[in-house]
Amino acid sequence: MKVIGLAGWSGAGKTTLMKRLIPALIARGVSVSTIKHAHHAFDVDVPGKDSWEHRQAGAAQVLVSSANRWALMSEHRGAPEPTLAFLLTRMNPVDLVIIEGFKREDHPKIEVHRAANGKPWLHPEDPRIVAVAADVAQSRLPQAALDDVEAVATLVLRFAEQAR
């Protein structure tokens, strides 16, 4: 299983690019999964549902299953946040896992940069950024236009590395 990340400041367009990139890669015959880091408390569950009640009662894990999907929720209960390497071991095998966020982890990344954000480039400080998807030019790394999904897909396939 290969991995690559999309890294960038909030508002750069990572999620918008991801939503367009996944179908472009699938059209090329690549099976894709994603991992998204959330910087704040989040919940995929709904208060009042049985699964929510199970977690509130103290269950370490709650698995919810139906004919269409299943989801496993694990509570940290004070334990440290799991590493990206650990989370990757929980993924079903696919050709490619695209990671959104986890910009401080040690995996290859494509920097997503939007000039209107007014934020600095990440790649001068992160040697694991291997390419750029941006709306302005830079000369150091291979680059695709932020809105050229096919060119970004080519960069993704070129620079993705085997998960460690």
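Just so it is clear, none of the values below were taken in a lab; they were calculated from the coordinates. Everything numeric here is computed off the predicted structure, so don't read it as measured data. With ideal geometry, Cβ positions are generated from the backbone for all residues, glycine too; neighbour counts draw on all protein chains shown.
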*Rg(Cα) of segment 103-164 divided by 2.2 N^0.38 Å?*
1.08
*Would you order W9, W70 from fewest to most other beta-carbon atoms within 10 Å of each residue's own beta-carbon?*
W70, W9
*After finding the eigenvalues of the alpha carbon gyration tensor for segment 57-107, what semi-axes result from the square roots of 5 times each, listed largest first in whole Å?*
23, 19, 8
*Per-selection Kirkwood Rh - segment 1-103 (Cα, Å, 1 d.p.)*: 15.8 Å
_Going by amide H atoms built from the backbone, whose H comes under 5 Å of the H on A7, apart from near neighbours?_
I110, E111, V112
*Which pairs break 19 Å Cα to Cα here: K19/K119; K14/K36; K2/K103?*
K19/K119
*Fewest to most neighbouring Cβ within 10 Å: what's the order for R28, R77?*
R77, R28
*Which ordering of H37, H76, H107, H113 is given by a fewest-first count of other beta-carbon atoms within 10 Å?*
H76, H37, H107, H113
*asked:* Over all directions, the average projected area of the alpha-carbon convex hull for segment 14-164 comes to how many nm²?
replied: 11.1 nm²
*asked:* Nearest 500 deg cm²/dmol is fine: what mean residue ellipticity at 222 nm does the chain get from its DSSP H runs of n ≥ 4 alone, each adding -39,500 (n - 2.57), divided by its residue count?
replied: -6500 deg cm²/dmol
*Could you let me know the centre-to-centre spacing of segment 136-157 and segment 63-88, using Cα atoms, in angstrom?*
32 Å
*Collect residues whose amide H, placed 1.01 Å from N in the peptide plane, falls under 5 Å from the amide H of L146; neighbours closer than 5 in sequence don't count.*
A134, D135
_Extension gain (nm, one decimal) between A59 and R128, 0.36 nm per residue minus Cα-Cα_ = 21.1 nm
*Subtracting the Cα-Cα distance from 0.36 nm times the residue separation, let me have the gained length for A67 to T34 in nm, one decimal.*
9.7 nm
